[in-house]
Amino acid sequence: MTHEAGWAHAPGALRAPSWLREPSDPNALVSQLWPQTAHKRDGVLTVGGVRLTDLVAEHGSPTYVLDEQDFRARARAFGTAFADYDVFYAGKAFLCTTVAQWVADEGLCLDVCSLGELTVAERAGFDMARVGLHGNNKSLAEIEKAVTLGVRRIVLDSFEEIERVAEAAERLGRTQSVMVRVKAGVEAHTHEYIATAHEDQKFGFSIADGQALDAVRRVVEAPSLTLLGLHSHIGSQIFQTAGFEVAARRVLALHARVSEELGVESPEMDLGGGFGIAYTTQDHPADPAQLATEMTKIVEHESAALGIEAPRLSIEPGRAIVGPAMCTVYEVGTVKHVTLDGSASRTYVSVDGGMSDNIRPALYDADYSCTLASRRSDAPPVLARVVGKHCEAGDIVVKAEFLPADVRAGDLVAVPGTGAYCRSMASNYNHALRPPVVAVRDGETRVVVRRETIDDLLATDLGNDLGTDKGMAP
Ligand code: LLP
């Protein structure tokens, strides 16, 4: 029902969402949302043995805090659970040189999707025979660099690209292994913008209309290309394996047709990434061992039904490895109590970051959680909304959370689950400086991506080159 004063005046507008329970102790951590080493002592959040109050004193705020032990444990868990697969860490979730080196240490392969990500992999000394390149419109520079470096596979996404990669490989005197990205016609249960296997979106060749088979034929006909197999990624932040099951069935059926009709054996198949993580208590992700069991069962069952041998499989998890390994710590600047019609109320807590360091709430309506990270409070819980400092009402960090009623300026608030698609999608909106990523381990901090400075920002602004010389230090 619409109120005469507008939608925001509708009854219940300020109520907590139904899934959010008022905690008996707003100081307590909901442990499944936090990196493995996170705990609180006297209300101070500690990650990797580092008190976030000390970390902020040294490195400032906002800061992304990356738990090295947690990241490595998750990478290893995928590697172990999917021991018969190749596991490609999807660098788009978050990538920097240090993380690429951890990925290599933990025995995983790396999926990159741009010149920038490929260059980070190169800089990290990543073995190119374990790197894959994605993208639905790769530039010639990206293609040539990948072919020159000798990446293990390029995933092809259009007819133009089949020609471009074939020509580049020929020109460079190489034979390039490739996969063909297909769309299986599956509507994954996730936000529309991150679902990628239904027909009406840009990725992949349709299986249904025959373009996928046609693409495979063209690859097979190109002497400078070697067909590794088919690739399917159905979307991101997915919890049910039902979508993977339908996709696997359709992709395997095409795999069988390729062998029957084209007489070509493609040895591999990639089932993509997309495994969901817990941002709030609403989310119940499966662990890698469960996922591996289910996915292997699906592929074996479908292969048996088709009377074919299952191809060697690979997957590309990003979020499920780095997402829970990071949290963001912010400092509270202002607190405002909003009441509506004299009854419902919500506390608006403004922090020193926002949609420039986490666009996901604004872009996907994503829910997050948070906790007071710098002290213990005996005040009762109040319904709060954590907002950023940008010039938009939609600049929301955490839509709804119970925080202690005495939350105030100078407090630190930490948000879990910010490892994936937060720093990697961060922007300089309002000329914000993108925060650093500080890795923590055994009580030590290590800045793996430093905070941007005003000089970094002005470096690309060529209007007046006096700026950086006039003492405009960060
Ligand atoms: N493989 C391919 C081909 C992909 O396109 C993606 C993600 C992945 C693997 C890794 O998916 P993950 O395991 O991380 O879900 N910015 C959005 C997510 C976009 C995902 C893009 N592709 C978000 O913040 O939710």
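The values are calculated or read from the model by the stated rules, or taken from the named source; none is laboratory data. Bear in mind that the values here come from a model prediction, so they are computed numbers and not experimental data. Virtual Cβ from ideal backbone geometry, glycine too; neighbours counted across all protein chains shown. The protein model used for the area step is the full one, side chains on, heavy atoms only, and it has no ligands, DNA or RNA in it. Shrake-Rupley method; radii C 1.70, N 1.55, O 1.52, S 1.80 Å.
Okay, residues lined up against (1) touching a strand residue (DSSP E or B) at 6+ places or on another chain (Cβ under 6 Å); (2) part of a helix (DSSP H, G or I); (3) within 16 Å of the ligand (Cβ to nearest atom); (4) charged (D, E, K, R):
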residue	(1), (2), (3), (4)
Ile277	no, no, yes, no
Thr280	no, no, yes, no
Asp283	no, no, yes, yes
Thr293	no, yes, no, no
Ser314	yes, no, yes, no
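Could you tell me whether any residue of segment 230-248 is over 29 Å from Gly419 (Cβ atoms) and either at pLDDT 95 or above or within 13 Å of the ligand (Cβ to nearest atom) (or both)?
There is at least one residue in segment 230-248 that is over 29 Å from Gly419 (Cβ atoms) and either at pLDDT 95 or above or within 13 Å of the ligand (Cβ to nearest atom) (or both).
What number goes with the only condition from (1) in a helix (DSSP H, G or I); (2) open to solvent by 10 Å² or more (accessible area, probe 1.4 Å); (3) within 16 Å of the ligand (Cβ to nearest atom) that Glu300 does not pass?
(3)
Only one of Ala409, Ala420 is open to solvent by 40 Å² or more (accessible area, probe 1.4 Å) and either modelled with pLDDT of 95 or more or at positive phi (or both). Can you tell me which?
The conditions single out Ala409.
Specify which of the listed residues (Phe94, Phe82, Phe88) is of a type in the set (Phe, Trp, Tyr) and either farther than 21 Å from Met326 by Cα or away from the ligand (no atom under 15 Å from the Cβ) (or both).
Being of a type in the set (Phe, Trp, Tyr) and either farther than 21 Å from Met326 by Cα or away from the ligand (no atom under 15 Å from the Cβ) (or both) holds for just one of Phe94, Phe82, Phe88, which is Phe82.
Outside the structural domain of Ser374 (by TED's automatic domain parsing), within 16 Å of the ligand (Cβ to nearest atom) and either within 16 Å of Pro416 (Cβ to Cβ) or open to solvent by 40 Å² or more (accessible area, probe 1.4 Å) (or both): which single residue out of Arg74, Arg123 fits that description?
Arg74
Going by the conditions given, is Ala57 within 21 Å of the chain's Cα centre (by Cα) and not polar (S, T, N, Q)?
Spelling it out, it is not the case that Ala57 is within 21 Å of the chain's Cα centre (by Cα) and not polar (S, T, N, Q).
Look at segment 382-395 and say how many of its residues are open to solvent by 30 Å² or more (accessible area, probe 1.4 Å) and either among the hydrophobic types (A, V, I, L, M, F, W, C) or modelled with pLDDT under 95 (or both).
Selection size over segment 382-395: 3.
If only one of Thr453, Thr460, Thr371 is polar (S, T, N, Q) and crowded, with 16+ Cβ neighbours inside 10 Å, which one is it?
Answer to the selection: Thr371.
Just to verify a result, which residue in segment 316-340, among those that are within 24 Å of Val131 (Cα to Cα) and either part of a helix (DSSP H, G or I) or of a type in the set (Gly, Ala, Ser) (or both), is farthest from the ligand (Cβ to nearest atom)?
Looking at residues that are within 24 Å of Val131 (Cα to Cα) and either part of a helix (DSSP H, G or I) or of a type in the set (Gly, Ala, Ser) (or both), I get Ala325.
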